[in-house]
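Note sheet for the following structure.
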Amino acid sequence: MSKTIDTASNQSSNAPPAETSECIHTVTKNDPPFLFHCGESFQTHKLPPGTRVIYPKPPLPGIPDVRGAVENAIDNPLGCDPLGDLVKPGMKITIAFDDISLPLPRMKRPDIRQTIIEAVLERLDRAGVTDIHIICAICLHRRLTDSEIKRMVGPRVFKRFSPDRLYNHDAEDPDGITKLQNTDSGEEVEINKRAADSDLLIYVNINLVTMDGGHKSVPVGLSTYRSVRHHHNVDTLMTSRSYMDPETSSFHRSCDRMGGVVAKKLNIFTIETTLNSDTFTHLLGFLQKRESKWNAYDHLNLQINRASLAMMPAPLRRKVYHSLPAPYGLTGVNAGMTGEVHERTLVNVYKQQMVNVTGQADILIVGLPSIGPYSADSILNPILVYCMAAGYFFNFYKGVPLVKKGGVIIVIHPLEYKFHKIHHPSYIDFFEEVLTDSIDPATIEKKHAKRYAENERYIDLYRNSHAYHGVHPFYMWYWGCHGMDHTGKIISVNPKSKEAARRIGFDNAPTLPSAIGQAKDFLNKPGDQAEITYFHCPPICMCNMTA
């Protein structure tokens with residue numbers, strides 16, 4: 001067995017991450033207005049003195065030789081022989097890779113998936129392997145377009161393998177799914193038949209947050225509704241204390257059980273990567289600076305961007321905003337056995353994202369960007385706004401939530417009554433039919449989920465168009481159930497659609513000061529009694545919270 005090398009530790013530890021104290025600021029009356037990245041726009045707001053601001057850590061240095069790091073990882077894997085020694089002529093090999101939901105925003109070219117897949121193919125070609133398929137692991141997400149896949153894997157891989165040997169996973173193909181067996185807890189494990197029948201499955205992952213990767217990759221990305229319903233449900237998510245903390249997550253325990261079944265049946269070679277927080281192009285560089293450290297160029301840049309975006313019609317503004325690639329740096333790549341690889345991956349994600357924070361807030365303020373995992377080249381519709389606020393942003397913690405039990409979250413986002421008709425057809429019906437019947441997750445799950453999941457029209461649109469699976473909006477609703485149960489109220493600041501805010505269970509206020517006033521009245525904490533925190537994100541920040 002070859003020597004094990006931790007690429008992340010060897011090549012990205014030269015400069016330690018910033019101390020946590022550099023990421024926390026207490027607002028004074030002399031502070032300038034603070035920036036809020038909300039929707040496809042940028043707002044600035046004065047915050048009350050005494051407000052705690054939590055900033056993300058600055059980007060870790062990226063690995064200079066990305067291709068060299070990738071090759072080093074797959075030639076020196078964790079827990080198994082090098083990839084080149086595992087393959088031989090006559091083998092059936094499948095490469096699977098994460099879909100367009102990662103990373104956010106999309107990365108500049110070449111995408112790390114292209115670099116990895118090209119390096120893997122070189123070794124397969126060298127070994128004389130000819131039976132190779134490449135699958136985008138979309139699970140119940142929308143099918144990617146040819147141009148989206150081509151951008152990920154690169155033009156050479158696309159030309160060589162598309163369309164017969166490079167394609168989207170189809171969770172509803174009756175001839176393309178294999179049932180393995182149930183877990184000890186009775187969870188059904190079904191995965192892509194091509195992957196199940198392969199002599200070796202190579203999974204290429206981007207670990208943007210700690211929720212990703214590990215045994216969440218194969219048993220979710222290449223599975224079916226019948227499998228994912230065992231952990232994408234109200235009971236599991238209500239008992240997951242943080243979706244971003246695998247150690248306390250019932251969701252991850254279910255994925256681990258399924259991953260154990262898959263690992264016994266399949267030979268899997270996992271490749272996981274981590275990125276730094278260099279999220280925005282230089283044109284938006286001010287988004288990654290503290291407001292107090294802006295120079296004259298940053299102030300001018302903000303004004304130009306705000307004016308330019310305001311002049312554009314919404315579709316063009318959205319297209320321009322989504323097309324700006326992020327200059328992420330690779331901070332680590334590890335390959336080999338899934339469990340060992342993922343342990344290294346989590347360490348590296350925490351190194352970039354973890355900020356130590358003491359003391360929960362009575363009022364938590366967040367600005368939501370327009371790009372989420374399920375709105376790439378699309379619209380952050382009201383259900384996805386709900387999911388981002390009560391699901392993702394609420395769960396960016398390890399330990400205890402950022403906001404106290406019964407506290408208030410204030411959301412700054414345009415919140416429009418708009419949906420992408422091609423990507424989110426079942427979302428529209430969910431919003432118009434299901435949410436007008438009930439907003440209680442358990443009731444919704446019991447009364448409506450199975451009917452949407454098995455709806456032939458939604459299945460056809462998932463398989464033959466570019467629509468999310470019919471059951472997907474239910475999972476986004478469940479994703480926020482823990483956050484909604486924990487908080488006493490969520491207030492939307494100046495939503496474009498008050499009806500949309502009301503229907504997803506949010507209150508609304510015309511301005512941030514009025515929202516803070518409403519929150520204080522609700523909590524019965526007038527004056528300076530309420531502890532306020534502004535979670536200054538993105539880039540992504542993960543709070544290591546103690547009460």
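Suppose the filter is at pLDDT 95 or above and more than 26 Å from Pro33 (Cα to Cα); does Met337 pass it? Yes. There is no residue in segment 159-176 that is out of contact with any Ser or Thr (no Cβ under 7 Å at 6 or more places or on another chain) and within 16 Å of Thr273 (Cβ to Cβ).
Could you grab me the full set of residues in segment 116-143 that are touching a Ser or Thr at 6+ places or on another chain (Cβ under 9 Å) and β-branched (Val, Ile, Thr)?
Result: Ile116, Ile132, Ile134, Ile135, Ile138.
Leu300 meets all of the listed conditions (1) within 30 Å of Ile24 (Cβ to Cβ); (2) out of contact with any helix residue (DSSP H, G or I) (no Cβ under 6 Å at 6 or more places or on another chain); (3) surrounded by 24 or more Cβ atoms within 10 Å (Cβ to Cβ) but one, namely (3). Filtered by the rule that a residue be modelled with pLDDT of 95 or more, within 30 Å of Thr279 (Cβ to Cβ) and not acidic (Asp, Glu), segment 516-538 gives Ile516, Ala519, Ile532, Thr533, Tyr534, Phe535, His536.
For segment 317-355, filtered to residues that are closer than 21 Å to Leu266 by Cβ and of a type in the set (Gly, Ala, Ser), the residue that is surrounded by the fewest Cβ atoms within 10 Å (Cβ to Cβ) is Gly339. Of the set (1) within 29 Å of Leu284 (Cβ to Cβ); (2) surrounded by 19 or more Cβ atoms within 10 Å (Cβ to Cβ), all apply to Val87 but (1).
The set of residues in segment 403-432 being more than 30 Å from Arg451 (Cα to Cα) and either buried (at least 20 other Cβ atoms within 10 Å of the Cβ) or of a type outside the set (D, E, K, R) (or both) consists of Val403, Lys404, Gly406, Gly407, Val408, Ile409, Ile410, Val411, Ile412, His413, Pro414.
A single member of Ala453, Ala467 is surrounded by fewer than 23 Cβ atoms within 10 Å (Cβ to Cβ) and either within 26 Å of Pro105 (Cβ to Cβ) or at pLDDT 95 or above (or both), and it is Ala453. A single member of Glu445, Glu416 is of a type in the set (Asp, Glu) and either within 28 Å of His169 (Cβ to Cβ) or touching a Pro at 6+ places or on another chain (Cβ under 6 Å) (or both), and it is Glu445. Pairs are defined by a Cβ separation below 6 Å, a sequence spacing of at least 6 or placement on different chains, a first member in segment 400-422 that is in the same structural domain as Ala509 (by TED's automatic domain parsing) and farther than 27 Å from Ser242 by Cα, and a second member that is in a loop (DSSP other than H, G, I, E, B) and small (Gly, Ala, Ser); the pairs so defined are Glu416/Ser497; Tyr417/Ser497; His420/Ser378. List pairs: first in segment 354-370 and within 24 Å of Gln518 (Cβ to Cβ), second among the polar types (S, T, N, Q), Cβ under 6 Å, 6+ apart or cross-chain? Close Cβ pairs satisfying both conditions: Ala361/Thr533; Leu364/Thr533. Restricting the search to helices (runs of 4 or more DSSP H) fully inside segment 1-120 and requiring at least 3 residues that are of a type outside the set (A, V, I, L, M) and at pLDDT 95 or above gives 66-75.
Look at (1) closer than 23 Å to Ser249 by Cβ; (2) touching a strand residue (DSSP E or B) at 6+ places or on another chain (Cβ under 6 Å); (3) acidic (Asp, Glu) and you find that Asp485 fails only one, number (2). Just one of the listed residues (Val347, Val262) is outside the structural domain of Val209 (by TED's automatic domain parsing) and among the β-branched types (Val, Ile, Thr), namely Val347.
Determine which single condition Val493 fails, assuming it passes every other condition in (1) crowded, with 23+ Cβ neighbours inside 10 Å; (2) farther than 26 Å from Asn356 by Cα; (3) touching an Asp or Glu at 6+ places or on another chain (Cβ under 8 Å). Tallying (1) crowded, with 23+ Cβ neighbours inside 10 Å; (2) farther than 26 Å from Asn356 by Cα; (3) touching an Asp or Glu at 6+ places or on another chain (Cβ under 8 Å), Val493 fails exactly one: (3). Taken over segment 331-390, residues that are aliphatic (A, V, I, L, M) and under 25 Å from Lys46 (Cα atoms) amount to 13.
Can you name the residue in segment 125-153 that is crowded, with 23+ Cβ neighbours inside 10 Å and part of a helix (DSSP H, G or I) and is also nearest to the chain's Cα centre (by Cα) among such residues? The selected residue is Met152. The helices (runs of 4 or more DSSP H) found wholly in segment 177-291 and carrying at least 1 residues that are in contact with a helix residue (DSSP H, G or I) (Cβ under 9 Å, 6 or more places away or on another chain) and not hydrophobic (A, V, I, L, M, F, W, C) occupy 218-221, 225-228, 234-238, 250-265. In segment 277-289, the qualifying residues are those that are crowded, with 17+ Cβ neighbours inside 10 Å and in contact with a strand residue (DSSP E or B) (Cβ under 9 Å, 6 or more places away or on another chain), and the one that is farthest from Asn207 (Cα to Cα) is Phe286.
The values are calculated or read from the model by the stated rules, or taken from the named source; none is laboratory data. Not measured: the values here are computed from a predicted model. So basically every Cβ, Gly included, is an ideal-geometry build from the backbone, and we count neighbours across all protein chains shown.
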